[in-house]
Amino acid sequence: MNELCQLSLKRAHQLLKQRKISSVELTKAILMRIAEVEPELQACVTVDEDMALKQAEVADKHISAGKIQPLTGIPTLIKDVICTKGMRTTCSSKMLENFIPPYDATVMKKLKAQSVVIVGKTNMDEFAMGSSTENSAFFPTHNPWDLNRVPGGSSGGSAVAVASNETIFALGSDTGGSIRQPAGFCNVVGLKPTYGRVSRFGLVAFASSLDQIGPITKEVTDCALVMNAIAGHDPKDSTSVPYHAPDYTQSLVPEVKNLRIGIPQEYFVEGMQSEVRTIVEVAIKKLEELGATIDWKVSLPHTKYALASYYLIAPSEASANLARYDGVKYGFSYADADNMWEALEKTKQFGFGDEVKRRIMLGTYALSAGYYDAYYLKAQKVRTLIRREFDQAFEKCDALVSPTSPTVPFRLGEKLEDPLQMYLSDVCTLPINIAGIPAVSIPAGFSNGLPVGMQIMAKPFNEEILLQIAFAYEQATDWHERKPPI
């Protein structure tokens, strides 16, 4: 039974289709694994065993009737920032601790259309604001490769669950690296699709021009299968692009010959750990051995302004988005106030954590009269320059490659008192969200037993080239096969 939880999505689908296992058996194996390791990892906020087993029974009936799709009967965990009808969606915040959405996010409807088994929701940095999953209002999540280290954030719970076999796959969200950085820290695959490729309807908003939902999986093939399920136009999301979503499994060709891959100099930043640099450079040379042409002299000079630009744009949008949490219609409400204004103030004071309040204040300041042009508007202009540089780079290159993070997973508590150092953890991933392009993080090696991820970037709506390069590299190496000791 315990071996079933180790299955990849592709293999689990094959066994379900061949009727060698049932969805109920697979779901029970996942639930047993969660019970076994969750006390140490704390990756989950909510686990609903009864609902999961009922969904598995329904899936088995569909399979018996010959109605099986690639995700039918597959157990999954969902980042707790994505609305799930009938199952609480907390955003790992006291503000929404008991909130149960009356509707499903579009991605949830798409998963349920394939009879996926929803096991529960994963822990995260509160309202997706953080790089370590330490900012959860409930508890920090631990990295399965070293329980004293962070799993990355804000989708840390999802990445940990996939890495430690608490789920077959998971969904995360990515605003500045929140899928890719934890994927890199946990030795799994994490894809941030092009902005507009996957519907944001039902994703609790952090920064609306940056947020994107994506898959976290054990292998690249699984990533393509999940993308097939969730990608596509959604009229309920005004930022969803009406482009046809291809069959991503068609890009899984272990071939990179004739592909030109650029290495942006600015992504090998000052202060990057030397082991990370070495491991990623070795991975790039492996791509060269496989036949890719490597251009080591690509330059994206405005990258150095990406961090400052991001931390004006994202908090500004967060300030606007989080204004809705006033304790009136739903969520936490401070009850012992003398008047309406005190109730509103105390609701936000006690409902939000420190990092969320820090970003609200940053954003409110940047948007305030007299400062809008100097900060927010200037940041948007820098954003345009960053996007143009990516466009120019993709005229010469099919893809770009960099480290996912400048460091290996750091210790729990190490950066909590130094927000700037925490923000620098995302220095390699932030520009991708600013430009709205797709990127994937894949396992690239280990430094003293800790995972290192390699990030691959492509031009908008070209997730296929990402998956092709990632698949070719995965097939030529065995990093993805290594599992944490827990």
| query | Restricting the search to the stretch 434-448, which residues are in contact with a helix residue (DSSP H, G or I) (Cβ under 6 Å, 6 or more places away or on another chain) and not aliphatic (A, V, I, L, M)? | reply | 438, 441, 443, 445, 447
| said: Being closer than 30 Å to residue 95 by Cα, modelled with pLDDT of 95 or more and in contact with a helix residue (DSSP H, G or I) (Cβ under 9 Å, 6 or more places away or on another chain) narrows it down to one residue among 292, 318, 323; which is it? | reply: 318
| Neighbours by Cβ (under 8 Å, 6+ apart or cross-chain): first from the stretch 62-78, more than 10 Å from residue 23 (Cα to Cα) and β-branched (Val, Ile, Thr); second part of a loop (DSSP other than H, G, I, E, B) and modelled with pLDDT of 95 or more | 76/116; 76/167; 76/168
| Just checking, which of 35, 59 is free of Cβ contacts under 8 Å to residues at least 12 places away in the same chain and out of contact with any Cys (no Cβ under 7 Å at 6 or more places or on another chain)? | 35
| query | Restricting attention to the stretch 237-250, and to residues there that are within 22 Å of the chain's Cα centre (by Cα) and assigned to a helix (DSSP H, G or I), which single residue is surrounded by the fewest Cβ atoms within 10 Å (Cβ to Cβ)? | reply | 249
| task | May I ask you to list the residues in the stretch 383-413 that are surrounded by fewer than 16 Cβ atoms within 10 Å (Cβ to Cβ) and charged (D, E, K, R)? | result | 388, 391, 395, 396, 411
| message | If residue 435 satisfies all but one of (1) in contact (Cβ under 8 Å) with a residue 60 or more places away in the chain; (2) closer than 21 Å to residue 397 by Cα, what's the number of the condition it fails? | response | (1)
| message | Going residue by residue through the stretch 85-92, is there one that turns out to be of a type in the set (Lys, Arg), without any contact (Cβ under 8 Å) to a residue 40 or more places away in the chain and part of a loop (DSSP other than H, G, I, E, B)? | response | yes
| request: For the stretch 451-471, name all the residues that are more than 15 Å from residue 432 (Cβ to Cβ), touching a Pro at 6+ places or on another chain (Cβ under 9 Å) and crowded, with 23+ Cβ neighbours inside 10 Å. | output: 451, 452, 468, 471
| query | Quick one: which of 40, 25 is among the acidic types (Asp, Glu), surrounded by fewer than 19 Cβ atoms within 10 Å (Cβ to Cβ) and farther than 27 Å from residue 146 by Cα? | reply | 25
| request: Pull up the stretch 308-357, narrow it to residues that are more than 26 Å from the chain's Cα centre (by Cα) and of a type in the set (S, T, N, Q), then point me to the one that is farthest from residue 416 (Cα to Cα). | output: 339
| request: Test residue 423 against the criterion of being at pLDDT below 95 and of a type in the set (Ser, Thr, Tyr), and give yes or no. | output: yes
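Residues are listed down the side, and each one gets a yes or a no for (1) closer than 30 Å to residue 283 by Cα; (2) in contact (Cβ under 8 Å) with a residue 60 or more places away in the chain:
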site	(1), (2)
357	no, no
379	no, yes
391	yes, yes
397	yes, yes
| task | Just name the residue that is farthest from the chain's Cα centre (by Cα) out of those in the stretch 251-267 that are under 16 Å from residue 402 (Cβ atoms) and either surrounded by fewer than 18 Cβ atoms within 10 Å (Cβ to Cβ) or of a type in the set (Val, Ile, Thr) (or both). | result | 260
| query | Would you call residue 282 touching a strand residue (DSSP E or B) at 6+ places or on another chain (Cβ under 8 Å), at pLDDT 95 or above, more than 22 Å from residue 81 (Cβ to Cβ) and β-branched (Val, Ile, Thr)? | reply | yes
| task | Output the residues belonging to the stretch 43-56 that are without any contact (Cβ under 8 Å) to a residue 40 or more places away in the chain and buried (at least 16 other Cβ atoms within 10 Å of the Cβ). | result | 53
| In the stretch 268-293, how many are surrounded by fewer than 20 Cβ atoms within 10 Å (Cβ to Cβ) and assigned to a loop (DSSP other than H, G, I, E, B)? | 8
| note | A careful count of residues in the stretch 366-399 that are at pLDDT 95 or above and out of contact with any helix residue (DSSP H, G or I) (no Cβ under 6 Å at 6 or more places or on another chain) gives 12
| note | Scanning the stretch 300-332 for residues that are touching a residue at least 60 places away in the same chain (Cβ under 8 Å) and polar (S, T, N, Q), the one farthest from residue 100 (Cα to Cα) turns out to be 303
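Go through the stretch 14-50 and give me each residue that's assigned to a loop (DSSP other than H, G, I, E, B) and closer than 19 Å to residue 161 by Cα.
Listed by number, the residues that qualify are 42, 43, 48.
Looking only at the stretch 200-211, decide whether some residue is closer than 26 Å to residue 126 by Cβ, among the basic types (Lys, Arg) and touching a strand residue (DSSP E or B) at 6+ places or on another chain (Cβ under 9 Å).
Yes.
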| request: Out of the residues in the stretch 155-202 that are closer than 21 Å to residue 136 by Cα and either without any contact (Cβ under 8 Å) to a residue 12 or more places away in the chain or β-branched (Val, Ile, Thr) (or both), state the one that is surrounded by the most Cβ atoms within 10 Å (Cβ to Cβ). | output: 160
| query | Taking residue 256, is it at pLDDT 95 or above, hydrophobic (A, V, I, L, M, F, W, C), in contact with a helix residue (DSSP H, G or I) (Cβ under 6 Å, 6 or more places away or on another chain) and assigned to a loop (DSSP other than H, G, I, E, B)? | reply | yes
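The values are calculated or read from the model by the stated rules, or taken from the named source; none is laboratory data. None of these values were measured; they are calculated from a predicted model. Every residue, glycine as well, gets a Cβ built from its backbone with ideal geometry; the counts of neighbours run over all protein chains shown.
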